[in-house]
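This report refers to the structure that appears directly beneath it.
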Amino acid sequence: MTTNSSSRLGIGMMLCASLLFSTGGLLCKMIPWSPLAINGVRSLLSLAVFALFFRLAHHKLKWNRTVFLGALSTLGVTTLYIMANKLTTAANAIILQYTAPIWIILFMALWFHVRPTKPDLITAAVVFAGILCFFLDSLAAGSLLGNLCAIFSGMFYGILFLLNQFPDGDSLSSLFFGQVFSVVFLSPMVLRESNFAPQTLCAIVLLGVLQVGIAYICFSIGTKHTNPLSAALINGIEPVLNPVLVAVFWGETITPLSFAGAVIVLIAILVYNLWGVLHEAEAPAA
């Protein structure tokens, strides 16, 4: 596979992952369970998707320190983000979690001695500003503990984008074992629930299969063929599209400022990726 085709595959997979991740808000609205119970059961269902993919792709599971770090990070992202939503406002949680690109820049410098380019930094600032506009109307002081949970969720999320950069790393194995940890620690919470209506069961199946299982497989392939910071910036679509889907299908309203923020994010990501593709196309000729 050529560099250009590999890069396009990575961008395409990250876009697919972001679109699938963005269905989480809408599907969770349809499930009257506690967040921890939802996370445990959707992780259980996602394991079936991972197992099928491993069989079809002949992918072998790995286990080493890097995979373990990724598994803990997977558990940290999902659990801390759900805790943040309980302890602070939803807007604070998503904004603070999307500090992930900042963590990526820091970790890339510390672990791999790679500095971000000027376009990387400009796009990261513009995307963050767009997301901030989208949630500005509902931002609040919130709980200090909830805000800290969201920030550390962003830190763990940043680590997920870097797993394939390590020589012994395997993002798929880390994501798989992260779901296993989630099942072990969180799935028993479902025993406290009583609503198992068809709509609830349908939503949890879609959540586990699409929003976690297939989405994380796309995420893993995307981060393998894309620069970690580029992948994180593409993923900026998810925190914007998530509430848009809720607004469209659940009747929540979107303010003009929110709409402007969404447009800023989409344009910034589009320009950034077009610039990257053109830059790669010109490189061989140069």
### Query
What FRET efficiency comes out for the pair Trp275/Leu201, r = Cβ-Cβ distance, R0 = 41 Å, nearest 0.05?
0.40
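Stick to Cα atoms and the Kirkwood definition of Rh, then tell me Rg/Rh for segment 4-132.
Ratio of gyration radius to Kirkwood radius for segment 4-132: 0.98.
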### Task
For segment 145-213, just list the percent of Cα-Cα distances falling in each 10 Å bin from zero outward, please.
15, 34, 36, 13, 2
### Task
Take the Cβ-Cβ distance between Ala129 and Ser34 as r, set R0 to 22 Å, and report the resulting FRET efficiency rounded to the nearest 0.05.
0.05
## Note on the structure
With 0.36 nm assigned to each residue of separation and the Cα-Cα distance removed, Leu61 to Phe259 gains 67.0 nm
### Task
Let me have the relative contact order for the chain, percent, based on Cα pairs under 8 Å that are six or more residues apart.
43
### Message
At 1.4 Å probe radius, can you tell me the per residue accessible area of the chain in Å²?
### Response
47
### Message
Explain nothing, just the number: dipole magnitude of the chain about its Cα centre with +1 on each Lys and Arg Cβ and -1 on each Asp and Glu Cβ, in debye rounded to the nearest 20.
### Response
500
### Query
segment 70-173: Rg/Rh from Cα coordinates, Kirkwood Rh?
1.01
### Message
If I ignore ligands, DNA and RNA and count only protein heavy atoms, how much of Thr226 is accessible to a 1.4 Å probe, in Å² to the nearest 10?
### Response
20
### Summary
Rounded to the angstrom and largest first, Cα extents along the principal axes for the chain equal 64, 48, 32
## Note on the structure
So the number of lysine pairs in the chain with alpha-carbon atoms under 24 angstrom apart, 8 or more residues apart or on different chains, is 4
### Task
Could you calculate the contour length gain from Lys86 to Ala48, that is, 0.36 nm times the residue separation minus the distance between their Cα atoms, to one decimal place in nm?
10.8 nm
#### Entry: Free-standing Cys residues across the chain, given no other cysteine C-beta under 4.7 angstrom
Cys28, Cys133, Cys149, Cys202
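The values are calculated or read from the model by the stated rules, or taken from the named source; none is laboratory data. Every value quoted in this text rests on a predicted model; they were computed, and no experiment measured them. Don't worry about glycine lacking a Cβ; one is built from the backbone with ideal geometry, like all the others, and counts go over all protein chains shown. What goes into the accessible areas is simple: the full protein's heavy atoms, side chains included, and nothing from ligands, DNA or RNA. Shrake-Rupley method; radii C 1.70, N 1.55, O 1.52, S 1.80 Å.
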